[in-house]
1. Considering only segment 235-262, state which residues are of a type in the set (Phe, Trp, Tyr) and surrounded by 13 or more Cβ atoms within 10 Å (Cβ to Cβ).
2. Do the conditions hold for PHE213, that is, is it of a type in the set (Phe, Trp, Tyr) and surrounded by 15 or more Cβ atoms within 10 Å (Cβ to Cβ)?
3. Could you identify the single residue in PHE223, PHE213 that is in contact (Cβ under 8 Å) with a residue 12 or more places away in the chain and farther than 30 Å from ASP90 by Cα?
4. Only one of GLU38, GLU4, GLU83 is at pLDDT below 90 and surrounded by 10 or more Cβ atoms within 10 Å (Cβ to Cβ); which?
5. Within segment 160-174, take every residue that is exposed (fewer than 14 other Cβ atoms within 10 Å of the Cβ) and not aromatic (Phe, Trp, Tyr) and give me the one that is nearest to MET272 (Cα to Cα).
6. If I go through segment 7-35 residue by residue, how many of them are farther than 24 Å from VAL126 by Cβ and surrounded by 14 or more Cβ atoms within 10 Å (Cβ to Cβ)?
7. Out of curiosity, is GLY240 assigned to a helix (DSSP H, G or I), at pLDDT below 90 and not polar (S, T, N, Q)?
Amino acid sequence: MAYENSSEYIKHHLTHLVYGQHADGTWGFAHGVDEINEMGFWSINVDSMIFSIGLGVFFLWLFRRAAVRATTDTPTGLQNFIEMIIEFIDGSVRSSYSGKDPLIAPLALTIFVWVFLMNFMDLIAVDLVPWIAGLLGVGYLKIVPTTDLNITFGLSLTVFVLVLYYSIKFKGPGGFFAELAFHPFPKFMMPINLILEGVTLIAKPVSLALRLFGNLYAGEMIFILIALMYSGGWALGLFGGFLQLGWAIFHILIITLQAFIFMTLTIVYLDMASQTDH
C-alpha cells in the first residue's frame, strides 16, 4: 500500500478494523477514521477481538498440550518451560497473597501469560501483517490487542469486579461499606471518607488499564516511527534497522515487565480485598 506522506502512514497503522453502524443506518466495516468516529460507542474493534481471543485459545491449547504429555521420566523442553512459568507464578502468589484461595494462582497464571502473549505481538514487524491484510482486501489491521483501550479496560474491569466480590465475600456488605465510609477519618467525616476511598477504589482499574495501554501504545509508536526511516534512503534505513533491533531487544523486557506488573497488582488488590483486620 502506498502512502502520500508520513502522517498518512502513521494514521493507517494506528487505525483499527472496526465494525459498526454507519451514519445511514447500515452496518458494516469502517473505511476510514471519519466513518469510525461516526459509528460512536456501538462499534467493535474486530482486530483486537480476533487477536486477543486467538491468543487466549493458543494459551489454553499450549498449556493443555504440555499437561497431557507431561511425564516424570524424560520431560520435554516445553514441559520444563511450562513448569518454570508455573513455579514462578506460584512464588509470586505466595509472596503477595496472604490468604488461601484456589482461584488466585490460576488467575495470576492466566493474566501473566495472556497479557504477555498480547504484548508479544508488538515484536512482529509493523508492516508485515497489515501488508498481508491489504493483499486480502482488509484496509486496516492492528495486531497488538493491548494497544487498544477497550482490551486493557476490559481486563482491568474484570479485576475490579473480582475486587468487589472478594471485599464483600470476606468482609460482608456491611464491613465493606464500613471500610469505605469510616476510614481513614472518624465516622462523622463519612462523606469525605466515601469520596477518598471511592476515588482510591476506582483508581485501581483505571491505573491498571492506562498503565498497560500507555506503555504498549508508546512502544508501538516507536516501532512505527523507526519504520519511517526506511523511506529516507539506504543510510538512514540501515541506521533504522539497528535502532529497530535495539528497541525490539529492549522491548522484550517491557512486554514481560508489563505483564508481570498487571499480574502482581491484581494479586495485591485481591489480597487487600481479602483482609478483614480493619
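The values are calculated or read from the model by the stated rules, or taken from the named source; none is laboratory data. Owing to the predicted nature of the structure, the values given are computational and were not obtained by experimental measurement. No Cβ is skipped: glycine too gets one built from the backbone with ideal geometry, and neighbour counts run over all protein chains shown.
1. Of the residues in segment 235-262, the ones of a type in the set (Phe, Trp, Tyr) are 239, 242, 247, 250, 260, 262.
Matches in segment 235-262: PHE239, TRP247, PHE260, PHE262.
2. Details: of a type in the set (Phe, Trp, Tyr): yes; surrounded by 15 or more Cβ atoms within 10 Å (Cβ to Cβ): yes.
Answer is yes for this residue.
3. Working: PHE213 fails: farther than 30 Å from ASP90 by Cα.
Checking each option against the conditions leaves just PHE223.
4. Numbers: GLU4 fails: surrounded by 10 or more Cβ atoms within 10 Å (Cβ to Cβ); GLU83 fails: at pLDDT below 90.
The conditions single out GLU38.
5. Going through segment 160-174, the residues exposed (fewer than 14 other Cβ atoms within 10 Å of the Cβ) turn out to be 161, 164-165, 169, 172-174.
Adding the requirement that they be not aromatic (Phe, Trp, Tyr) leaves 161, 164, 169, 172-174.
On the way: VAL161: 14, LEU164: 11, LYS169: 12, GLY172: 14, PRO173: 16, GLY174: 17 Å.
Step by step, filter segment 160-174, then rank; the result is LEU164.
6. Quick first cut of segment 7-35, residues farther than 24 Å from VAL126 by Cβ only: 20-28.
Those still in the list that are surrounded by 14 or more Cβ atoms within 10 Å (Cβ to Cβ) too: 20-22.
Summing the residues that are farther than 24 Å from VAL126 by Cβ and surrounded by 14 or more Cβ atoms within 10 Å (Cβ to Cβ) in segment 7-35 gives 3.
7. On the way: assigned to a helix (DSSP H, G or I): yes; at pLDDT below 90: yes; not polar (S, T, N, Q): yes.
It is true that GLY240 is assigned to a helix (DSSP H, G or I), at pLDDT below 90 and not polar (S, T, N, Q).
Residue by residue, here is whether (1) modelled with pLDDT of 95 or more; (2) under 21 Å from SER156 (Cβ atoms); (3) among the polar types (S, T, N, Q) holds:
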| residue | (1), (2), (3) |
| --- | --- |
| VAL57 | yes, no, no |
| ARG64 | no, no, no |
| THR71 | no, no, yes |
| PRO75 | no, no, no |
| GLN79 | no, no, yes |
| GLY91 | no, no, no |
| ASP101 | no, yes, no |
| ILE111 | yes, yes, no |
| MET118 | yes, yes, no |
